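Encoded as structure tokens, the structure appears first; notes follow it.
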Amino acid sequence: MRAGLRSKVRIHKKDLWAVDLSPYDVVIVFGLPMLMDRFAIKMQKELKPDAVILANKFQLPGWRAAEQKGDVSRYVQGTSPQV
């Protein structure tokens, strides 16, 4: 982890469908194609503006990535244009 960030980062491993995403600034998802539609809807409803979503392998349906590097897509709630 980059120097100086360790004290600011918390990693939570939780049931994605049971947890409220609203307090989180960054969400990383290693989803499956059949779950991404449902996940995209949940994030749109729960995440605060400017929250960052990193999706590995599979893109979020209905969202346009702000950035793409290899298999990872970066989305920003409220600023990533909806397709």
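The table below gives the values:
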item	result
Size of charge dipole - the chain - debye, nearest 20, with Cβ of Lys, Arg +1 and Asp, Glu -1, no other charges	280 debye
Global form of the stretch 22-83, assessed from the alpha-carbon gyration tensor, a/c cut-off 1.5	rounded
The chain: antiparallel DSSP beta bridges as a percent of all, rounded to 5	70 percent
On Cα atoms only, tilt of 33-46 relative to the major axis of the chain in degrees	70 degrees
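A short reminder: the numbers here are calculations on the coordinates, not readings from a lab. Every value quoted in this text rests on a predicted model; they were computed, and no experiment measured them. Using ideal geometry, Cβ is built from the backbone for each residue, glycine included, and neighbour counts are taken over all protein chains shown.
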